[in-house]
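Below is one structure, written out as structure tokens; the observations come after it.
Rule-based calculations on the coordinates, nothing more; no lab input. Note that this is a predicted model, so its numbers are computed, not measured. Cβ coordinates were reconstructed from backbone atoms using ideal geometry, including for glycine residues, and neighbour counts include every protein chain displayed.
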Amino acid sequence: MTKGMIKIDFHVHTTSSLDSTIKVQELAKKAGMLGIIPAITDHSSMGAIAKFRETGVPFIPGEEIRTERGDLIGIYLSEEIKPYTPFADALDIIKEQGGLSCLPHMYDITRKGCGDSEPAEKADIVEGFNARCILDGYNQSAIDFAKKHGKPIVAGSDAHFILEFGRTYTLLPEFDIEDPKALLRALKSGMVELVGRKAPFYVHGPTNIVGIGRRIKAAIGMEKDIK
């Protein structure tokens with residue numbers, strides 16, 4: 001890796017997401033080994049944040065929020081944002097918390113992307129490469145949107161299984177990982193590279209199966225990780 005550059009995966013799930021099997025300790029171990037900083041963006045939960053902070057491995061706290069217009073990621077959050085918060089309101093709450101908003105898989109019609117509705121233009125960052133987008137056109141449309149509106153572009157693995165983490169990341173100049181404004185400056189430096197490989201096709205079905213199984217466990221009181 002070029003000196004003075006760091007690697008960030010802007011979209012990672014842990015067992016605090018119903019459909020993920022990635023444990024905090026195994027993510028921390030692999031992140032440290034590969035030198036990739038994960039943004040932990042669980043579905044409607046920040047339950048893994050305190051646990052990951054205990055590992056001492058650098059990371060960015062966040063959440064993937066379900067809204068009426070589609071999914072929205074907030075990073076550098078201090079508090080959870082409730083699911084189905086209106087999209088425009090969620091953008092405001094992220095800003096109030098001092099965080100940054102990111103549009104994940106925004107044109108992926110199979111996974112609740114927000115599309116290019118007017119509020120989307122107010123987001124800070126666009127996920128231009130999501131490793132779980134099956135069709136290349138979904139990612140290309142996101143890149144086109146970002147360029148049209150002058151938004152920084154990042155890559156995320158959207159990992160739900162540990163084998164997915166490490167295949168996709170954003171290479172950018174070093175910055176103070178605790179400072180959202182410093183991240184934006186680094187992303188706008190003109191020295192950003194998206195490094196991405198699509199997730200194996202076979203991960204999509206098992207993700208749904210894991211989600212169904214854990215929902216059943218939660219319903220009968222056997223799932224401890226779900227709030």
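Calculate, in nm to one decimal, what GLU96 and ILE109 gain on full extension: separation in residues at 0.36 nm each, minus their alpha carbon distance.
1.7 nm is the gain from fully extending GLU96 to ILE109.
Rounded to the nearest 500, what is the chain's calculated 222 nm mean residue ellipticity when only DSSP H runs of at least 4 contribute -39500 (n - 2.57) each, over all residues?
Only helices count here, giving -9000 deg cm²/dmol.
Do the alpha carbons of any pairs in LYS7/LYS82; LYS95/LYS181; LYS82/LYS148 sit beyond 22 Å of each other, and which pairs?
Flagged as over cut-off: LYS7/LYS82; LYS82/LYS148.
Using a Förster distance of 35 Å, how high is the FRET efficiency between TYR84 and LYS147, based on the Cβ-Cβ distance and rounded to 0.05?
Plugging the Cβ-Cβ distance into 1/(1 + (r/R0)^6) gives 0.70.
How long is region 5-219 along each principal axis, judged by its Cα atoms, biggest number first, in Å?
So the three principal-axis extents are 44, 35, 34 Å.
May I ask you to list the residues of region 57-96 whose amide nitrogen lies under 12 Å from a point 7 Å from Cα along the Cα→beta-carbon direction of ALA182?
No residue passes the distance filter.
Grab the alpha carbons of region 65-114, take their convex hull, and tell me the volume per residue in Å³.
Considering the Cα atoms of region 65-114, their hull volume per residue is 58 Å³.
Is the shape of region 115-186 best called rounded, prolate or oblate, per the rule: a/c under 1.5 gives rounded, else a/b larger than b/c gives prolate, else oblate, with a ≥ b ≥ c the square roots of the Cα gyration tensor eigenvalues?
In terms of gyration-tensor shape, oblate.
Modelled label-to-label distance, PHE201 and THR21, 7 Å Cα→beta-carbon offset: nm?
Calculated label separation equals 2.0 nm.
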